[in-house]
Amino acid sequence: MANIIRRDPFFELTSLQDRMNQLFSQAFGGFEGLGLEQPLTSANFLPPVDISEDEHNITLQAEIPGIKEEDLNITLENNVLTINGERKFKEEEKKENFHRVERRYGKFTRSFTLPASVDSQNVNATFENGVLNITLPKREEFKPKQITIGVTKPAAVPVKPGKEKAA
(Lines give C-alpha, C1' and ligand atoms only; values in the text may rest on other atoms or scores of the structure.)
Protein backbone atom coordinates (compact mmCIF):
# COMPACT_ATOMS: atom_id res chain seq x y z
CA MET A 1 0.00 0.00 0.00
CA ALA A 2 2.95 2.31 -0.49
CA ASN A 3 1.38 3.80 -3.62
CA ILE A 4 -1.36 5.78 -1.81
CA ILE A 5 -0.03 9.28 -1.27
CA ARG A 6 -1.91 12.35 -0.07
CA ARG A 7 -1.22 15.24 -2.42
CA ASP A 8 -2.43 18.80 -2.08
CA PRO A 9 -0.94 21.06 -4.76
CA PHE A 10 -1.81 24.25 -2.87
CA PHE A 11 -0.57 23.13 0.58
CA GLU A 12 2.95 24.51 0.22
CA LEU A 13 1.69 27.86 -1.09
CA THR A 14 -0.99 28.18 1.61
CA SER A 15 1.46 27.10 4.29
CA LEU A 16 4.00 29.70 3.16
CA GLN A 17 1.30 32.39 3.13
CA ASP A 18 0.19 31.40 6.65
CA ARG A 19 3.76 31.58 7.93
CA MET A 20 4.32 35.00 6.35
CA ASN A 21 1.04 36.28 7.85
CA GLN A 22 2.09 35.02 11.28
CA LEU A 23 5.51 36.64 10.93
CA PHE A 24 4.10 40.05 10.03
CA SER A 25 1.27 39.75 12.55
CA GLN A 26 3.74 39.11 15.36
CA ALA A 27 6.11 41.87 14.24
CA PHE A 28 3.56 44.61 13.55
CA GLY A 29 0.62 43.68 15.76
CA GLY A 30 -1.78 42.32 13.17
CA PHE A 31 -3.59 43.59 10.10
CA GLU A 32 -7.15 43.91 11.37
CA GLY A 33 -7.75 47.38 9.94
CA LEU A 34 -6.08 46.73 6.58
CA GLY A 35 -8.40 44.05 5.23
CA LEU A 36 -5.72 41.35 5.38
CA GLU A 37 -7.45 39.12 7.89
CA GLN A 38 -7.61 35.41 7.23
CA PRO A 39 -10.89 34.33 5.62
CA LEU A 40 -13.51 32.57 7.72
CA THR A 41 -13.76 29.72 5.24
CA SER A 42 -11.11 27.89 3.30
CA ALA A 43 -11.50 26.00 0.05
CA ASN A 44 -8.82 23.43 0.81
CA PHE A 45 -10.39 21.39 3.60
CA LEU A 46 -9.03 17.86 3.37
CA PRO A 47 -9.77 15.47 6.21
CA PRO A 48 -6.70 13.57 7.41
CA VAL A 49 -6.69 9.87 6.58
CA ASP A 50 -4.85 6.87 8.05
CA ILE A 51 -4.52 3.74 5.91
CA SER A 52 -3.36 0.44 7.36
CA GLU A 53 -3.20 -3.12 6.11
CA ASP A 54 -3.12 -6.60 7.59
CA GLU A 55 -3.35 -10.03 5.99
CA HIS A 56 -7.18 -9.85 5.69
CA ASN A 57 -8.15 -6.17 5.23
CA ILE A 58 -7.09 -2.71 4.21
CA THR A 59 -8.53 -0.17 6.67
CA LEU A 60 -9.03 3.52 5.96
CA GLN A 61 -9.85 5.94 8.80
CA ALA A 62 -10.77 9.56 8.06
CA GLU A 63 -11.26 12.25 10.68
CA ILE A 64 -14.34 14.24 9.69
CA PRO A 65 -15.73 15.92 12.81
CA GLY A 66 -18.67 18.26 12.48
CA ILE A 67 -20.23 16.43 9.52
CA LYS A 68 -23.40 14.38 9.65
CA GLU A 69 -23.40 10.82 8.34
CA GLU A 70 -26.03 11.67 5.73
CA ASP A 71 -23.78 14.46 4.35
CA LEU A 72 -21.08 11.95 3.37
CA ASN A 73 -20.97 10.20 0.03
CA ILE A 74 -18.70 7.16 -0.45
CA THR A 75 -18.31 5.51 -3.85
CA LEU A 76 -16.14 2.70 -5.19
CA GLU A 77 -15.82 2.53 -8.94
CA ASN A 78 -13.06 0.99 -11.08
CA ASN A 79 -10.90 0.39 -7.97
CA VAL A 80 -11.09 4.08 -6.99
CA LEU A 81 -12.57 4.84 -3.57
CA THR A 82 -13.97 8.38 -3.35
CA ILE A 83 -15.20 10.20 -0.24
CA ASN A 84 -17.20 13.43 -0.74
CA GLY A 85 -18.69 15.76 1.84
CA GLU A 86 -18.95 19.29 3.10
CA ARG A 87 -18.30 20.88 6.46
CA LYS A 88 -20.36 24.07 6.67
CA PHE A 89 -19.49 27.16 8.65
CA LYS A 90 -22.44 28.03 10.89
CA GLU A 91 -22.77 31.74 11.55
CA GLU A 92 -24.92 32.37 14.56
CA GLU A 93 -27.73 34.91 14.74
CA LYS A 94 -25.81 37.14 17.14
CA LYS A 95 -22.95 37.58 14.58
CA GLU A 96 -20.01 36.72 16.78
CA ASN A 97 -16.78 38.57 16.16
CA PHE A 98 -14.26 35.85 15.53
CA HIS A 99 -10.66 36.64 16.34
CA ARG A 100 -9.29 33.43 14.87
CA VAL A 101 -10.78 30.60 12.84
CA GLU A 102 -8.38 27.68 12.44
CA ARG A 103 -10.80 24.90 11.58
CA ARG A 104 -11.23 24.35 7.85
CA TYR A 105 -14.60 24.45 6.17
CA GLY A 106 -15.95 23.73 2.72
CA LYS A 107 -16.48 20.85 0.32
CA PHE A 108 -13.93 18.11 0.07
CA THR A 109 -13.21 15.11 -2.12
CA ARG A 110 -10.65 12.43 -1.34
CA SER A 111 -9.93 9.68 -3.86
CA PHE A 112 -7.75 6.60 -3.40
CA THR A 113 -6.71 4.10 -6.04
CA LEU A 114 -7.08 0.65 -4.53
CA PRO A 115 -5.02 -2.42 -5.39
CA ALA A 116 -6.58 -5.29 -7.34
CA SER A 117 -6.56 -7.41 -4.17
CA VAL A 118 -9.61 -5.58 -2.70
CA ASP A 119 -12.94 -7.42 -2.71
CA SER A 120 -15.17 -4.53 -3.78
CA GLN A 121 -18.39 -6.49 -3.12
CA ASN A 122 -17.81 -6.68 0.66
CA VAL A 123 -16.65 -3.16 1.59
CA ASN A 124 -17.98 -1.93 4.95
CA ALA A 125 -18.16 1.67 6.22
CA THR A 126 -19.03 2.95 9.70
CA PHE A 127 -19.15 6.51 11.03
CA GLU A 128 -18.82 7.14 14.75
CA ASN A 129 -17.68 10.17 16.78
CA GLY A 130 -16.48 12.02 13.69
CA VAL A 131 -14.31 9.16 12.44
CA LEU A 132 -15.17 7.36 9.21
CA ASN A 133 -13.90 3.74 9.15
CA ILE A 134 -13.87 1.92 5.83
CA THR A 135 -12.89 -1.74 5.83
CA LEU A 136 -11.76 -3.10 2.47
CA PRO A 137 -11.45 -6.90 2.67
CA LYS A 138 -8.93 -8.69 0.48
CA ARG A 139 -9.97 -11.38 -1.97
CA GLU A 140 -9.20 -14.92 -0.88
CA GLU A 141 -6.69 -15.49 -3.67
CA PHE A 142 -4.62 -12.52 -2.42
CA LYS A 143 -4.57 -13.50 1.24
CA PRO A 144 -1.37 -15.15 2.47
CA LYS A 145 -1.56 -18.89 2.83
CA GLN A 146 0.35 -21.03 5.28
CA ILE A 147 2.05 -24.00 3.65
CA THR A 148 2.96 -26.84 5.95
CA ILE A 149 5.99 -28.91 5.19
CA GLY A 150 5.38 -32.60 5.63
CA VAL A 151 8.20 -34.69 7.06
CA THR A 152 8.56 -38.12 5.51
CA LYS A 153 10.60 -40.90 6.98
CA PRO A 154 13.18 -42.36 4.64
CA ALA A 155 12.39 -45.85 3.49
CA ALA A 156 14.26 -48.56 5.37
CA VAL A 157 17.11 -50.02 3.34
CA PRO A 158 16.81 -53.81 3.28
CA VAL A 159 19.83 -55.67 4.60
CA LYS A 160 20.82 -58.80 2.67
CA PRO A 161 21.01 -61.90 4.84
CA GLY A 162 24.46 -63.29 5.48
CA LYS A 163 26.22 -59.99 4.97
CA GLU A 164 25.91 -58.53 8.39
CA LYS A 165 28.55 -56.22 9.71
CA ALA A 166 30.62 -57.37 12.64
CA ALA A 167 31.13 -55.06 15.50
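For the stretch 55-71, filtered to residues that are part of a loop (DSSP other than H, G, I, E, B) and at pLDDT 85 or above, the residue that is nearest to Arg139 (Cα to Cα) is His56. Scanning the stretch 65-81 for residues that are at positive phi and either in contact with a helix residue (DSSP H, G or I) (Cβ under 6 Å, 6 or more places away or on another chain) or of a type outside the set (Gly, Ala, Ser) (or both) turns up Asn78, Asn79.
Before we move on, is Ile74 part of a strand (DSSP E or B), surrounded by 15 or more Cβ atoms within 10 Å (Cβ to Cβ) and β-branched (Val, Ile, Thr)? Criteria met by Ile74. Scanning the stretch 99-130 for residues that are farther than 23 Å from Asp71 by Cα and of a type in the set (D, E, K, R) turns up Arg100, Asp119. Among the residues making up the stretch 42-53, a single one is out of contact with any Asp or Glu (no Cβ under 8 Å at 6 or more places or on another chain), modelled with pLDDT under 90 and loosely packed, with under 14 Cβ neighbours inside 10 Å: Ala43. For the stretch 74-133, a residue qualifies if it is modelled with pLDDT under 90, of a type in the set (Phe, Trp, Tyr) and under 17 Å from Val49 (Cβ atoms), and exactly one does: Phe108.
The values are calculated or read from the model by the stated rules, or taken from the named source; none is laboratory data. Source: prediction; values computed, not measured. So basically every Cβ, Gly included, is an ideal-geometry build from the backbone, and we count neighbours across all protein chains shown.
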